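Structure first, then comments.
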Amino acid sequence: MDGTTLEDMRTALRGPVIGPRDAEYDAARGIYNAMIDRRPAAVVRCTDAADVMAAVDFIRDHDLELAVRGGGHSGGGLCVVDDAVTVDLRPMRWVRVDPTARTARVGGGSLLGDLDHATHAFGLGTPAGIMSTTGVGGLTLGGGHGYLTRRYGLTVDNLVAADVVLADGRLVTASESEHPDLFWALRGGGGNFGVVTSFRFRLHAVNMVTAGVTVWPVEHTREVLRWYREFLPQAPEDLYGFFALLTVPPGPPFPEEIHGRAMCGVVWCWSGDPDAAERVLAVVREPGAPAFHFAAPMPYPALQSMFDELIPAGLQWYWRGDFFDRVTDDAIDVHAEYAENLPTALSTMHLYPIDGAARRVDRDDTAWDYRDAVWSGIIGGVDPDPANAGTIRRWCVDYWQDLHPHSMGGAYVNFIGEGEGHDRVEATYRGHYDRLAEIKRKYDPGNLFHANQNIVPAR
Ligand SMILES: Cc1cc2nc3c(=O)[nH]c(=O)nc-3n(C[C@H](O)[C@H](O)[C@H](O)COP(=O)(O)OP(=O)(O)OC[C@H]3O[C@@H](n4cnc5c(N)ncnc54)[C@H](O)[C@@H]3O)c2cc1C
């Protein structure tokens, strides 16, 4: 972009426009996943919806390429593209709770920690992901699952309305009664349909939860997974437990003698009656004696930020996912094999439950297609050292290729890895893809919003 265009953009906007010659450029283009190192033409820090409208108009009218940044957590770095302009929503981090209506309005650049902090003051919360540093924007538009999902559904199942800046620069509200087709598409269709400047969520009573972790030696992966696949789907919906392969981190609450050891485990959140927690979690002895078990009452936001320090921004990441309606014996063999060869201390595999309330929503009510899935799985190669980037990527791809035949065929859109290709996007939306492509044609016929898992406008 030439200097004149950059200056014109500065004039058009209230928030700062950061170009390659500015001191803040490297900080502005950096994202959570340090494997992504791209050089946008500019990063436009939007202060409000008016700035987003001006930015979208400017970028479209000047034939520039557009990307949108919420929390910057996407694995493939969808929010920064070489030579494109990033519409950066970081200044739009705000939350307003209406405790009477039990709803929260949330700025488009907010992080999950902002949402949890604001709603917790009223003893309220809504389902979202398991790290406080993830963006509400990308997570919600992809669907969103977390500790409250078995009880209250996906994040999109709790979305009541969204303010959206469309490709033509207009701001509209999407809800069941206004632009219902757009509202349908936003609930799982990713950032394809516009820039969401604010979300409105339904809230639920959530305050203290009992959170915990149980780990078993990695050699017991087969027995533990066989137990977990039977136990969890029939457990009360106020119990959430995601299965993980992991290396025990060198710090509390884990005892020193198991630091650095490969394990399989379950991370728990019991949001029911606190007095029942111990009895409910007594089941952890069923697959064999754990190497360690810990559970304690804590405020919900404390659980939501439990992993923040363990996996800070700046690590190398490569991930891939798939949906599963069952965990077959053959799949368990694959997990057991890769569990014994985790390539780095932070590399992992998680199975996130998406049954319970999430499964009861009608398949055609939202763009999220896989209401028949029980788990959303992710394999993540993670390490601080850029020299290991190739190793973790290879491990992830090999593991995924061996496991994929035992999956339902598509993945949670937010777990599609960099470079997986358009077939994977179609597999994610299955029977909903064509309807999404029609809605895309209506709201973004020129595919201005294509820096995402792209839905191509129908012809
Ligand atoms: C450590 C970690 C833990 C995670 N845990 C979970 C989890 O528990 N549950 C879960 O469901 N997911 C989880 N995720 C995945 C997460 O949902 C995705 O990475 C998601 O894309 C993050 O959104 P973001 O806004 O931070 O990312 P960004 O990279 O900023 O954006 C991702 C995509 O969304 C678009 N976008 C973002 N905000 C907006 C907006 N306001 N309007 C329009 N488009 C927008 C962007 O253009 C881009 O295409 C996790 C990711 C990480 C890295």
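The values are calculated or read from the model by the stated rules, or taken from the named source; none is laboratory data. Note that this is a predicted model, so its numbers are computed, not measured. Counting neighbours? That spans all protein chains shown, and the Cβs are built from the backbone with ideal geometry, glycine included. Ligands, DNA and RNA are stripped out before the accessible areas are found, and what is left, the full protein with its side chains, is counted by its heavy atoms. Shrake-Rupley method; radii C 1.70, N 1.55, O 1.52, S 1.80 Å.
Kindly write out, for the range 444-458 in residue order, the coupling ³J(HN,Hα) from the Karplus curve 6.51 cos²θ - 1.76 cosθ + 1.60 (θ = phi - 60°), rounded to whole Hz, with x marking Gly and Pro.
With the stated coefficients, the range 444-458 comes to 8, x, x, 6, 4, 8, 10, 7, 6, 6, 7, 9, 7, x, 5 Hz.
May I ask for the net charge around Leu124, where only other residues with Cβ less than 11 Å from the Cβ of Leu124 are counted and Lys, Arg are +1 while Asp, Glu are -1? It would help to have the intermediate numbers written out before the result.
Values: positive: Arg102, Arg202; negative: Asp98, Asp116.
Around Leu124, the surrounding residues sum to 0.
Probe of 1.4 angstrom, ligands and nucleic acids ignored: what's the accessible area per residue over the range 338-440, in square angstrom? Walk me through the numbers before you get to the answer.
Details: 3890 Å² over 103 residues.
Dividing the accessible area of the range 338-440 by its residue count gives 38 Å².
What share of the DSSP beta bridges in the range 3-88 is antiparallel, in percent to the nearest 5? It would help to have the intermediate numbers written out before the result.
Working: 2 of 10 bridges.
Roughly 20 percent of the beta bridges in the range 3-88 run antiparallel, per DSSP.
How do Arg60, Arg93 stack up against each other in accessible area, from largest to smallest, with a 1.4 angstrom probe?
Values: Arg60 75, Arg93 120 Å².
Largest accessible area first, the list is Arg93, Arg60.
How big is the Kirkwood radius of the range 125-185, worked out from every pair of different alpha carbons and given in Å to one decimal? All intermediate terms of the calculation are to be shown ahead of the outcome.
Working: mean 1/r = 0.0804 Å⁻¹.
Computed over the range 125-185, the radius equals 12.4 Å.
Ignoring solvent entirely, what values of log10 I(q)/I(0) come out of the Debye formula for the range 79-153 at 0.11, 0.27 Å⁻¹ when each Cα is a single scatterer?
Summing over Cα pairs of the range 79-153 leads to -0.30, -1.36.
Using mean Cβ contacts within 10 Å as the protection proxy, how do 182-194, 134-146, 296-308, 152-164 order, highest first?
On the way: 182-194: 26.1, 134-146: 27.6, 296-308: 17.5, 152-164: 24.2.
Going from most to least packed, we get 134-146, 182-194, 152-164, 296-308.
Just for the Cα atoms in the range 208-415, what are the lengths along the principal axes, largest first, rounded to whole Å?
Principal-axis extents of the Cα atoms in the range 208-415, largest first: 48, 48, 33 Å.
Work the Kirkwood hydrodynamic radius out for the range 182-296: mean of 1/r over every pair of different alpha-carbon atoms, inverted, in Å.
Details: mean 1/r = 0.0607 Å⁻¹.
Computed over the range 182-296, the radius equals 16.5 Å.
Which order, highest average first, do 120-128, 21-29 follow once you tally other Cβ atoms within 10 Å for each residue and take the mean per peptide? Can you show the working numbers first?
Details: 120-128: 20.8, 21-29: 14.0.
So the order, starting with the most tightly packed, is 120-128, 21-29.
For Arg279, what charge total do you get from the other residues with a beta carbon under 14 Å from its beta carbon, if Lys and Arg give +1 and Asp and Glu give -1?
Numbers: positive: Arg285; negative: Asp238, Asp273, Asp275, Glu278, Glu286.
Value of the local net charge: -4.
Inverting the mean 1/r over all pairs of different Cα atoms, compute the Kirkwood radius of the chain and quote it in Å.
Working: mean 1/r = 0.0446 Å⁻¹.
Kirkwood radius, the chain: 22.4 Å.
Can you give the net charge of the other residues whose Cβ lies under 15 Å from the Cβ of Val361, counting K and R as +1 and D and E as -1? Can you show the working numbers first?
Numbers: positive: Arg150, Arg151, Arg187, Arg202, Arg359, Arg360, Arg363, Arg371; negative: Asp157, Glu176, Glu237, Asp355, Asp362, Asp364, Asp365, Asp369, Asp372.
That works out to -1.
Which residues in the range 242-272 place their backbone N less than 20 Å from a point set 7 Å from the Cα of Glu309 along the Cα-to-Cβ direction?
Within reach of a label on Glu309: 247-261, 267-268.
Pop out the carbon and sulfur fraction of the accessible area of the chain as a percent, whole number, probe 1.4 Å. Each step should come with its number before you reach the end.
Values: 8740 of 17640 Å².
Looking at the chain in its full context, I get 50 percent from C and S.
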